[in-house]
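The values are calculated or read from the model by the stated rules, or taken from the named source; none is laboratory data. Quantities reported herein were computed from a predicted structural model and do not represent experimental measurements. Reconstructed Cβ throughout: ideal geometry from the backbone, glycine too, with neighbour counts over all protein chains shown.
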Amino acid sequence: MNKKVTSLVLSAALIAATGCAVLGTAGCNEAVEINISGSSSVSPLMQALAAEYEKTHNVSIVINTSDSSTGITEAKEGKNDLGMASKAVKEDDLTTVQIATDGVAVIVNTASTVSDVTSAEIYELYANGTPVQTSIVAAISREEGSGTRDAFGDLIKSSEGKKLKELSSLASCVSVQNATGTVKSVIASNTAANTMGYISMGSLDNTVKALKVKGVEATAENVKNGSYSLSRPFNVVYNTQKGLSPEVKAFLDFILSKEGQAVVTAKGYVDVL
Amino acid sequence: MKAIEKFEINGEYALTVENMNLWYGSFQALKGICMNFPKNNLTAMIGPSGCGKSTLIKSLNRMNDLVEGCRITGTIKVGDTDIYDKKCDLPRLRKNVGMVFQRPNPLAMSVYENIAYGPKTFGIKNRSMLDEIVERSLKGAAMWEEVKDRLNKSALGLSGGQQQRLCIARALSVEPQVLLMDEPTSALDPISTGKIEELCLELKKSMTVIMVTHNMQQAFRIADKTAYFLLGEMIEMADTSVIFSHPRDKRTDDYINGRFG
Amino acid sequence: MRNVALTKENVAKAVFIAFAAFSILAVFAIVFFLLYQSIPAFRQIGFFNFLFGTTWAPKNESLPVAERFGIFPMIVGSVALTITSVALGGVLAIFTAVFVVYYCPKKLKPVFHQLINLLAGIPSIVYGYFGLTFLMPLMVKIFHIPQAYGLLSATLILSLMLVPTVASITKNSLESVPMNYYEGALALGCSKNQTVFKVCLPAAKNGILAAIILGVGRAVGETMAVQFLVGSGDNYPALFLPFRTMTSSIVLEMGYADDALHKPALVAIGFILLLFILVINLCLAAVKRNDSISGNKLFNRKVKESRGAISKFSWHKTGSAQDILCILSYCIAALVAVMLLFVVGFVLIKGVGGLTWNFLFGKSGNAQVTLAPAFVSTGMVILLALLIALPFGIGAAIFLSEYAKKGSRFVKIINLFIDTLSGVPSVVFGLFGMVFFGNILGIGTNLLNGSLTLSLIVLPTVIRSTEQSLTEVPDSMREASYALGASKVRTIFVVVLPQALSGIITSVILSIGRIVSESAALIYTAGAVAYMPQGYFSRGATLSVMMWFFNSADGIADAQAKCFATAAILILCVLILNILVTVIEKTFRKRSNR
């Protein structure tokens, strides 16, 4: 009788195994694979580009999201076809191609009365916990190492010109989240409307409200003409020596073409045309 | 596979114990035991709790090996074979010297599987042979009629008395030459006890039965020989009628006449 | 030296010993390789600067290296959160267990049993997400605070998470208190409440202690839920201030940590965390050893002989304190049940709407992300992890219950290491998997790595739960088998192991639950991608990791709805697993009673 149960369990396991194997191979097709890895800030854009490209081309684009430095290292080691970086790249053996520009949007809950802030006000909130226009008393930052935090810390300065990133610790009212999604959902759910955060402009939607910085709205136009100061480049890199395979070259050409850049604009980023 | 042979028992005695001492760690539980168990007899061992009678019976098929820190000197022979000899094969010993425990301990299997377990251990796989053994063993334990319709039900569902007789049947299944019974009825009611006593009388016709009992009346009713134990020593062993009427030793007399214990 | 023959028996014994010793090897490997990878950090930062520095700013180049990596606030954070949540969760759990065992009406008992089992299986990321989306907004409203990150939110959720684990183990040990203790105390005239709280509860203290050890392990190691709720600010822990724990920092920053020092520093945090666990386990082992024999060595009082003087005693009724405890256990059990049901209800109601056919089984890729790959990945990880963990775990359990000399030094060491292994936080397993399987063995980040890592995680569960059910097999059955001349190996495999089968199956289901709910150990070993895995060498995200993915990845439409939908699926999985356990247990019970 116990044998029956044992064999029942075993056969269930076997069925599960074969099921997995079948499903696993079912996903296989003959398409050429393009491996892209790197910055999680760039990956939503890259995903949209890839989805668009896959519609018309028989390739399978696999995007492994991690961070800019991984993208760069793997490009150096030739482990990927393209690396994604959300910052300027200066590496001798890598070729860098800018595919878009991203603005960093400062966001609050849609119920907030605040609509316009200065860089110094943001600095004071993040550095010392000084409320912004009395109503915003808490803030969310990204974690150490995030490209968005890097850009934000570099761009936000005190009235004396001290950069936010040079601080050794943030104010006690600042919490840290490691994902744009979390930052956004926390701010969106914060009905008390007293928390500030920052995210990539491409991730903006109507669940949160983007603030003007010194009277300038966070729009693609303003980033392009330079009046909105919080911005950073989205780059892809590849190993110069290894070069690009025809398939990857075609994809990169697509990204930089009108159609590709249309995707960039549609997603809320700034094109490089 | 090598066949498991029975022990050769040529003399008068099935089992002999010579100058045996047993220690649990530093505590000496048995002191200089010398006794002989006659073939096809029922020998009872009586004595107050802690006198060593259970320890002794467990030594007879080396169940004491399972107890940590247990050390034995002296010799115990089944027929002419020293069972503590290094060459002695433990499975062979335990097959031929079966045991029934104080509390019924059926395995968590069906009635059938309980009986068939022993034969299967010794390589009998043929279904019809097993059927035959099961039937014979259950009949031997006088419970075939009771359980023949529920052979495939769990043995744990039987009553206490039935369980104990099942354990006896299980011991019979491997055709032992000696059957050790360690207070087999102490956990049972008088009716079940009566059945088992009857069974013992039947069993001793074909094998040697050695029984530890707490119950002097039981020894008196069924034993051919009775041995009295006290504080790790065997005080006296004789025909049951002699022990109960004219014990040689005063201590035995005290115990039997209820002045002690 | 005695010549040991190469018999079946000896070979089997050697194999079982090897399986048991595997835990020791695993712990040593974890300690060694984490240390190995953290040495660059310790060397460049300085061990004391690292441990007692108060500033954590890895990327701040305006500070000298030695001052950038100070983890003291994280240590304080971890310790504080563990203490508060184990205290609260432990109290809740023990009273709940007491209620279930002694006061629960018969009809309600299976319901509570199911509830506890169900909730023990809910993934921590679901609890964390519940805290993030329900508890924190609620707290903001109630306390009129700007944000609810901090010790209070984290403690509330974490203690709730600890309840099922601690309660089910406490319950088991209470149930194993012999009935005659209970009867004996009643026969002396004790009230039921007095008996329960003064006789039964102390009698189960070893089991309760074990439950609390597990609770501490889970609290220290809890990563995902904690990371959602502590807020990771640069503060020491306070009710409403965002603070860091060691685990939350690792998982928060590992994704982006890559330069020469940041990653080693994070691994070093994992190493320090591991040292904590080792110390805790050593302390507990010492405590356990002390109380195994009755009597208290610290407060040993000599009893004076009365010298024949006979005093007059006045007898009176006591036990009102226990009556209060009894009422308390009713209240707490009700509270726990309501809260836990609310979590499940909240998540299911929010999540069911998002469960469309396309979301569950549609093709997942760059254009849209669905759960189809997660189902496959989860199944693959469960299968491989169990295939590895079961033989090792059952083998070790057999050694411990059938071969080991109870109380021998070797067994003590093995037990210590198994406890240690089970206390190792899953994020540390993740680091180990990343470092050892990923880099040193060169497996890389893929499902194989994830499965290997998880097999280590579930190993203690399999060992303990199998060992438990093996020791519950009465010795009389072993004796019966030996008395018939059966060999040890035959006795184990034919008599003992089949009876432990329900325990083994339970351990399998517990392990599946653990695997399904695991995310911290998988993100950096198996990866977090939305593509269908092509085999064990591709990356793949299990269901829990997918939930993390939905919450954290940019540019996913309706991320919150997808999170809830995934959470609902996870809860349904747990529900199904639990029904399975009940059915299996019932079948076994029926069989053995017939």
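Just the residues that are over 24 Å from the mean Cα position of the chain (by Cα) and small (Gly, Ala, Ser), please, taken from the stretch A:116-126. Listed by number, the list holds a single entry, A:120. If you go through the stretch A:107-131 and keep only what is crowded, with 22+ Cβ neighbours inside 10 Å and among the hydrophobic types (A, V, I, L, M, F, W, C), you end up with A:107, A:108, A:122, A:125.
Just for the stretch A:45-91: of the residues that are under 14 Å from the mean Cα position of the chain (by Cα) and assigned to a loop (DSSP other than H, G, I, E, B), which one is nearest to the other protein chains (Cβ to nearest Cβ)? That would be A:67. Of the residues making up the stretch C:373-381, at least one is part of a helix (DSSP H, G or I), free of Cβ contacts under 8 Å to residues at least 60 places away in the same chain and either under 25 Å from residue C:508 (Cβ atoms) or of a type in the set (Gly, Ala, Ser) (or both). Scanning the stretch C:335-372 for residues that are in a helix (DSSP H, G or I), buried (at least 19 other Cβ atoms within 10 Å of the Cβ) and not hydrophobic (A, V, I, L, M, F, W, C) returns C:350, C:351.
Of the candidates B:187, B:171, the single residue that is surrounded by 17 or more Cβ atoms within 10 Å (Cβ to Cβ) and either within 14 Å of chain C (Cβ to nearest Cβ) or in contact with an Asp or Glu (Cβ under 7 Å, 6 or more places away or on another chain) (or both) is B:171.
Scan the stretch B:60-83 and give yes if some residue there is closer than 20 Å to residue B:179 by Cα, acidic (Asp, Glu), within 14 Å of chain C (Cβ to nearest Cβ) and surrounded by fewer than 16 Cβ atoms within 10 Å (Cβ to Cβ), otherwise no. Yes; the residues of the stretch B:60-83 include at least one that is closer than 20 Å to residue B:179 by Cα, acidic (Asp, Glu), within 14 Å of chain C (Cβ to nearest Cβ) and surrounded by fewer than 16 Cβ atoms within 10 Å (Cβ to Cβ).
Elements of the type helices (runs of 4 or more DSSP H) sitting completely within the stretch C:31-133 and holding at least 2 residues that are away from chain A (no Cβ under 14 Å): these cover C:47-52, C:72-98, C:109-121, C:124-130.
For the stretch C:192-224, a residue qualifies if it is hydrophobic (A, V, I, L, M, F, W, C) and more than 23 Å from the chain's Cα centre (by Cα), and the qualifying residues are C:196, C:197, C:199, C:200, C:203. Considering the stretch A:168-185, the residues that are more than 7 Å from chain C (Cβ to nearest Cβ) and among the hydrophobic types (A, V, I, L, M, F, W, C) include one that is nearest to residue C:235 (Cα to Cα), namely A:171. Identify the residue in the stretch A:186-204 that is facing chain C (nearest Cβ under 9 Å) and of a type outside the set (A, V, I, L, M) and, among all such residues, is nearest to residue C:60 (Cα to Cα). So the residue we want is A:200.
The number of residues in the stretch A:217-260 being buried (at least 16 other Cβ atoms within 10 Å of the Cβ), outside any loop (DSSP other than H, G, I, E, B) and either touching a helix residue (DSSP H, G or I) at 6+ places or on another chain (Cβ under 8 Å) or of a type in the set (Phe, Trp, Tyr) (or both) comes to 13. Just so you know, in the stretch C:523-573 the residues that are more than 26 Å from the chain's Cα centre (by Cα), not small (Gly, Ala, Ser) and not in a loop (DSSP other than H, G, I, E, B) include one that is nearest to residue C:358 (Cα to Cα), and it is C:562. Filtering the stretch C:187-198 to residues that are in a helix (DSSP H, G or I), under 17 Å from residue C:99 (Cβ atoms) and of a type outside the set (Lys, Arg) leaves C:193, C:194, C:195, C:196, C:197.
Applying the set (1) at pLDDT 90 or above; (2) of a type in the set (Ser, Thr, Tyr); (3) over 26 Å from residue C:101 (Cβ atoms) to residue C:133 leaves exactly one unmet item: (1).
With aliphatic (A, V, I, L, M) and farther than 21 Å from residue A:123 by Cα as the only criterion, which of A:211, A:252, A:230 stands out?
A:252
Among the residues of the stretch A:158-192, the one identified as surrounded by fewer than 20 Cβ atoms within 10 Å (Cβ to Cβ), among the polar types (S, T, N, Q) and within 23 Å of residue A:40 (Cβ to Cβ) is A:189. Only helices (runs of 4 or more DSSP H) whose full extent lies in the stretch C:407-514 are considered here, and the ones with at least 2 residues that are small (Gly, Ala, Ser) and within 14 Å of chain B (Cβ to nearest Cβ) are C:475-483. Hey, residue A:56 hits all of (1) touching an Asp or Glu at 6+ places or on another chain (Cβ under 8 Å); (2) without any contact (Cβ under 8 Å) to a residue 40 or more places away in the chain; (3) of a type in the set (Ser, Thr, Tyr) but one; which does it fall short on? So the condition that residue A:56 fails would be (1). Scan the stretch A:107-166 for residues that are within 9 Å of chain C (Cβ to nearest Cβ) and hydroxyl-bearing (Ser, Thr, Tyr) and the total you get is 2. Which residues, taken from the stretch C:142-170, are under 13 Å from residue C:218 (Cβ atoms) and aliphatic (A, V, I, L, M)? Scanning the stretch C:142-170 gives C:157, C:158, C:160, C:161, C:162, C:163, C:166, C:167, C:169.
Would you check if residue B:147 is at pLDDT 90 or above, crowded, with 21+ Cβ neighbours inside 10 Å and within 14 Å of chain C (Cβ to nearest Cβ)? Criteria not met by residue B:147.
When the residues of the stretch B:94-116 are filtered to those that are more than 7 Å from every other protein chain (Cβ to nearest Cβ) and part of a helix (DSSP H, G or I), which remaining residue is surrounded by the fewest Cβ atoms within 10 Å (Cβ to Cβ)?
Going through the qualifying residues, I end up with B:112.
Do we find that residue B:67 is modelled with pLDDT under 90, more than 13 Å from the chain's Cα centre (by Cα) and among the β-branched types (Val, Ile, Thr) in this structure? Here the answer is yes, as residue B:67 does meet what is asked.
From the list C:567, C:559, the lone residue that is more than 10 Å from chain A (Cβ to nearest Cβ) and out of contact with any Cys (no Cβ under 9 Å at 6 or more places or on another chain) is C:567.
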